[in-house]
Amino acid sequence: IFAEAKHQCWSMAHIVKSVKGLRVLVTGGGSGLGSATVKRMLEGGARVIACDLAGEDSLPKGAVFQKTDVTCEKEVGAALAAATKQFGGLDVAVNCAGIGVAQRTYNWNKDAVHPLKEFARVLEVNACGTFNVCRLAAQLMAKNEPNEDGSRGVLVNTASVAAFDGQVGQVAYSASKGAIVGLTLPMARDLSPIGIRVVTIAPGLFDTPLLAKLPEKARKLLAANVPFPQRLGDPAEYAHLVEAIVTNPMLNGECIRLDGALRMMP
Ligand SMILES: NC(=O)c1ccc[n+]([C@@H]2O[C@H](COP(=O)([O-])OP(=O)(O)OC[C@H]3O[C@@H](n4cnc5c(N)ncnc54)[C@H](O)[C@@H]3O)[C@@H](O)[C@H]2O)c1
């Protein structure tokens with residue numbers, strides 16, 4: 001059946017064969033999921049600019065580092081200017097920069113309400129930072145000549161399963177990640193006339209410096225809740241999905257859970 005189908009109607013014409021030669025910007029590129037993405041893109045032959053507050057020393061050889069706060073219009077502009085100067089433009093932007101906070105809406109034992117400032121800070125970095133990079137990257141990608149499929153670029157965002165099943169103390173983080181899920185479809189629709197795709201990944205539990213701060217016992221407990229594979233995700237598996245999104249033109253306007261069937265408990 002497969003052989004016949006292949007001859008009759010299967011066409012791979014639209015699949016982009018690899019990321020070779022693509023010009024890629026990764027925020028949060030100095031650590032964890034972002035760093036793994038930088039590595040995989042470089043291995044695939046892409047040219048990569050890694051944007052982060054710090055982390056230049058741990059970058060793989062070949063990546064260009066640009067100190068960038070994703071919430072700052074001027075600094076993101078400078079990172080895109082660096083991509084233009086070094087690579088002549090941009091094809092892919094991957095948003096991995098993010099922060100978290102653990103705080104209940106109201107802690108009745110301590111009579112303490114969630115500080116509004118902390119809620120706003122998480123929204124500012126995770127949601128506004130992602131949007132800031134997307135809007136400015138889209139402006140630069142619009143200058144690209146479209147390929148034969150009409151494509152000018154791809155934006156990949158990082159939400160979290162907390163956008164759907166946020167736990168106690170994750171009210172700010174979940175709200176910020178829910179915002180990223182929410183902007184995915186309208187942004188894909190906004191940018192469809194110029195051939196820019198927007199896809200969001202919602203990771204489950206990944207073994208990054210973010211989780212490395214937890215005691216080993218807590219990490220084991222978290223991993224035990226993942227149905228299969230019963231372990232923390234490898235950042236390389238996240239980077240693998242980024243590459244699949246970039247190379248598959250039909251993925252657009254969608255949020256993909258990458259979580260081993262995990263559904264977080266309250
Ligand atoms: N690790 C997980 O299990 C997991 C699960 C779901 C979602 N995520 C999300 O994936 C993304 C990456 O997480 P990670 O685990 O690799 O974390 P990480 O802490 O290892 O990396 C995040 C990076 O973002 C950078 N960053 C923070 N604020 C920034 C800012 N304003 N401007 C530029 N860079 C900034 C940090 O310096 C850091 O290098 C985050 O958005 C996180 O919320 C992670």
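Structural remarks
- Förster radius 25 Å - calculated FRET efficiency between E43 and M250, Cβ distance, rounded to 0.05: 0.55
- Inter-centroid distance (Cα atoms) of the stretch 55-89 relative to the stretch 181-198, Å: 23
- Shape class of the stretch 89-241 from the Cα gyration tensor (axes a ≥ b ≥ c, square roots of the eigenvalues): oblate, since a/c reaches 1.5 or more and a/b does not exceed b/c.
- Spatially close Lys pairs in the stretch 1-160, defined by Cα atoms under 21 Å apart and a spacing of eight or more places or different chains, total 13.
- For the pair A112 and A236, a Förster radius of 30 Å applied to the C-beta separation gives a FRET efficiency near 0.15, rounded to the nearest 0.05.
- Here is the list for the stretch 36-113: trypsin sites (Lys or Arg not before Pro) lying in DSSP coil, each with at most 13 other C-beta atoms within 10 angstrom of its C-beta, are K61, K110.
- Spacing of the modelled spin labels on K217 and T84, each 7 Å from Cα toward Cβ, amounts to 5.5 nm.
- Gap separating the Cα centres of the stretch 112-180 and the stretch 210-258, nearest whole Å: 17
- The fraction of accessible area contributed by carbon and sulfur in the chain is 58 percent, rounded to a whole number (1.4 Å probe; ligands and nucleic acids excluded).
- Shown in residue order for the stretch 242-259 are the 3J(HN,Hα) couplings computed by the Karplus curve 6.51 cos²θ - 1.76 cosθ + 1.60 at θ = phi - 60°: 4, 5, 4, 5, 5, 8, 10, x, 7, 7, 6, x, 10, 10, 10, 6, 10, 8 Hz (x for Gly and Pro).
- Ligands, DNA and RNA are left out, and with a 1.4 angstrom probe the accessible area of the chain is 53 Å² per residue.
- Scanning residues 5 or more positions from I196 or on other chains, those with amide H under 5 Å from its amide H are R152, with H placed 1.01 Å from N in the peptide plane.
- Exposed-site-free run, longest, the chain (rule: chymotrypsin sites (Phe, Trp or Tyr not before Pro); DSSP loop; at most 16 other C-beta within 10 Å): 109-266
- In summary, the aspartates and glutamates within cross-link reach of K177, defined as a Cα separation below 13 angstrom excluding same-chain residues under 8 places away, comprise E124, D165.
- Positive-end residue of V156, M265, V133, charge dipole of the chain with Cβ unit charges: M265
- Distance between the pseudo-spin-label points of A224 and N147 (7 Å out from Cα toward the beta carbon): 4.6 nm.
- Ellipticity at 222 nm from helices only: DSSP H runs of n ≥ 4 in the chain, each -39500 (n - 2.57), divided by the residue count, give -11500 deg cm²/dmol.
The values are calculated or read from the model by the stated rules, or taken from the named source; none is laboratory data. These numbers were taken from a predicted model, which means no experiment stands behind them. Cβ atoms come from the backbone with ideal geometry, glycine included; neighbour counts cover every protein chain shown. Surface areas here come from the heavy atoms of the whole protein model, side chains and all, with no ligands, DNA or RNA. Shrake-Rupley method; radii C 1.70, N 1.55, O 1.52, S 1.80 Å.
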